[in-house]
Amino acid sequence: MDENEMMNGEEELNNIIILNDENGEEVPFEFLDVVEFEGEEYVVLLPVEEDEEDSGEVVILKIEDTESEDEESYVSVDDEHTLNQVFELFKEKFKDEFNFIDDEEE
């Protein structure tokens, strides 16, 4: 997900939200949490339909307000440092609820 993404209205059902990808296709995600980092809010999502190669990887998007009170805009984050810090905060908060696997790149 590289471009601005909008939540499809208030489509939130059992912690599932639907986002539109860069091709305009609907993609379901499980909402995990909102993490605040350096005065900004980031949403942590888990793809519902996991690709085998992306199994268990979360998606972190920055939350931006829109003119409509009923919608938020989710924007991809390009800064690797910010992504890592947000994920570390998420892991610390949920260390007792999730089994995190360290994937050290060589």
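Residues in segment 61-80 that are out of contact with any Ser or Thr (no Cβ under 9 Å at 6 or more places or on another chain) and in contact (Cβ under 8 Å) with a residue 24 or more places away in the chain were compared, and the one that is surrounded by the fewest Cβ atoms within 10 Å (Cβ to Cβ) is Asp70. Evaluate segment 53-60: report whether one residue or more is at negative phi, at pLDDT below 80, of a type outside the set (Gly, Ala, Ser) and out of contact with any His (no Cβ under 8 Å at 6 or more places or on another chain). Yes: segment 53-60 contains one or more residues that are at negative phi, at pLDDT below 80, of a type outside the set (Gly, Ala, Ser) and out of contact with any His (no Cβ under 8 Å at 6 or more places or on another chain). Examine segment 7-19 for a residue that is modelled with pLDDT of 85 or more, under 11 Å from the mean Cα position of the chain (by Cα) and surrounded by 12 or more Cβ atoms within 10 Å (Cβ to Cβ), and state whether such a residue exists. Checking segment 7-19: at least one residue is modelled with pLDDT of 85 or more, under 11 Å from the mean Cα position of the chain (by Cα) and surrounded by 12 or more Cβ atoms within 10 Å (Cβ to Cβ).
The values are calculated or read from the model by the stated rules, or taken from the named source; none is laboratory data. Values in this document were obtained by computation on a predicted structure and should not be read as measured data. Note that each Cβ is placed from the backbone with ideal geometry, even for glycine, and that neighbours are counted across all protein chains shown.
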